[in-house]
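Read-outs throughout are calculated quantities, based only on the coordinates presented, and are distinct from any laboratory measurement. As the structure is a computational prediction, the values presented were derived from the model and not from experiment. Neighbour counts run over all protein chains shown; Cβ positions are idealised from the backbone, glycine included.
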Amino acid sequence: MLSSLLPLFNKKILLLTHAGADVDAFASAAAISLSLRGAAKTTIGVPEHMNLNAKALAKKLEVSYKINPSFKGYDAIVCLDFNKSKMLGSSQAQFLEFSGEKFLVDHHSHESEVMAPQKNSYCSKEAISTTELVYSLLKKTRGLKIPKKAYQCIAAGIITDSSSFLIADHRTFRIMSQVMEAANVPYSELVSLFSLERNFSEKIAALKAAKRVRIYKCSDAILASSEVGAFEADCASALVRLGANASFCGYAENGKVRISGRANNRWLAKTRFDLARDVFNRLEKYFPGEGGGHPGASGFNGTGTGVDAHLAKCIELTREFISKKEKNAVFKEYT
Ligand SMILES: [Mn+2]
């Protein structure tokens, strides 16, 4: 297992996020890049695009990155916040062909693909964020001075991936307290590093998701699904905030299908349900596309012309999970 970042010293390193990097992925790369200044030559690479919050963070902290980087000329690649090469999207082939050293730091639910040798990997699905794992590696790297901006990145990853501490335990707060002390900025300022005002169209999308929702009861769980026009992840979160234990939102546009799922934390802890394992990874068997994520937040990107069948399958797979634990679980749709 990787125990510090010393193996990266004096090398030319590509710090690689998953396609569509989120705050945790980008902040992990940025924290390493800022801390290794002078010790290694690093470039942050983001396949395809970056999400808006991550872009805001990059701009505020003035950390540069390359979209769709070429992997040529690097001694090593460090994969951050993903554990299957498909999550690199169009950069997957370059990764598989890369003949230099590969490293992996990640906190996603286990996948069968081995992306980097064990000795170069530092993975724990118990970690709330990948930045938390990066923090632990940075601390254990002798002779390294972690700059304030890197601490701000670590904090940003923890805040976003814990859904503002909804999925946190005492360890999260202990780490956060250390990181905040070192970052030396108030909480509100940390949040403002990556915050965007929810715009008009996001609010309308969430309200429309609520208007078109289909509601199911399975045993004592409330399941919800809705076809939306955009912002499927925000819409799924909104339905959970309204009371669903698990929700699925999605849309099809120009031959592409996107589905997001969210689940209530308390219900997850009680049932051990895992959206990635029990629903989104299994969706790949029924529809063309790629699924994955976390127990409480997962998604599916695929091709197709509609999402009715996808959403129905998400509900069915959730129902299957519940029925396995509880035979004769009553299922019905509220109409
Ligand atoms: Mn993450």
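A few points about this structure:
- Ellipticity estimate at 222 nm from DSSP helix runs (n ≥ 4, -39,500 (n - 2.57)) divided over the chain, nearest 500: -11000 deg cm²/dmol
- Within a Gaussian network of the chain (alpha carbon springs, distance under 10 Å), most fluctuating of Phe26, Phe98, Phe248: Phe98
- Computed about the Cα centre, the dipole magnitude for the range 228-288 is approximately 260 debye when only Lys and Arg (+1) and Asp and Glu (-1) carry charge, each at its Cβ.
- Going from the residue with the fewest nearby Cβ atoms within 10 Å to the one with the most, Lys102, Lys325 rank Lys325, Lys102.
- Dipole of the chain, positive end: most advanced residue of Ala236, Thr131, Thr318 [Cβ charges, Cα centre]: Thr131
- About its Cα centre, the dipole of the chain is roughly 420 debye, where the only charges are +1 on Lys and Arg Cβ and -1 on Asp and Glu Cβ.
- Springs between Cα atoms under 10 Å define the GNM used for the chain, and in it the highest mean-square fluctuation of Ala93, Ala297, Ala127 occurs at Ala93.
- Exposure proxy ranking, count of Cβ atoms within 10 Å, fewest first, for Glu284, Glu111: Glu284, Glu111
- Cα convex hull volume per residue for the range 255-299 (Å³): 55
- Counting every other Cβ atom within 10 Å of each residue's Cβ, Arg142, Arg258, Arg272 order from fewest to most as Arg142, Arg272, Arg258.
- In sequence order, calculated HN-Hα J values of the range 142-158 (Karplus, 6.51, -1.76, 1.60; Hz; x Gly/Pro): 4, x, 9, 9, 7, x, 4, 4, 5, 4, 5, 4, 4, 4, 4, x, 5
- Pairs of Cα atoms nearer than 8 Å and 6+ residues apart set the relative contact order; for the range 200-334 it is 24 percent.
- Scattering from the chain was approximated by placing one identical point on each alpha carbon and applying the Debye formula without solvent; log10 I(q)/I(0) at 0.12, 0.13, 0.14, 0.15 1/Å stands at -0.84, -0.98, -1.12, -1.26.
- Coupling constants for the range 320-326 follow from the phi torsions by the Karplus curve (6.51 cos²θ - 1.76 cosθ + 1.60, θ = phi - 60°), and in residue order they are 4, 4, 5, 5, 5, 7, 9 Hz; glycine and proline get x.
- Added length on full extension, which subtracts the Cα-Cα distance from 0.36 nm per residue, Glu284 to Glu62: 76.1 nm
- Take the Cα of Glu333, step 7 Å toward its Cβ, do the same at Phe200, and the gap between the two points is 3.4 nm.
- Counting only Cβ charges, +1 for Lys and Arg and -1 for Asp and Glu, the dipole size of the range 216-335 around its Cα centre is about 500 debye.
- Of all the options Asn199, Asn120, Asn265, the one that moves most in a Gaussian network model of the chain with Cα springs shorter than 10 angstrom is Asn199.
- FRET efficiency, 1/(1 + (r/R0)^6) with R0 45 Å, evaluated for His170 and Ala210 via beta carbons: 0.85
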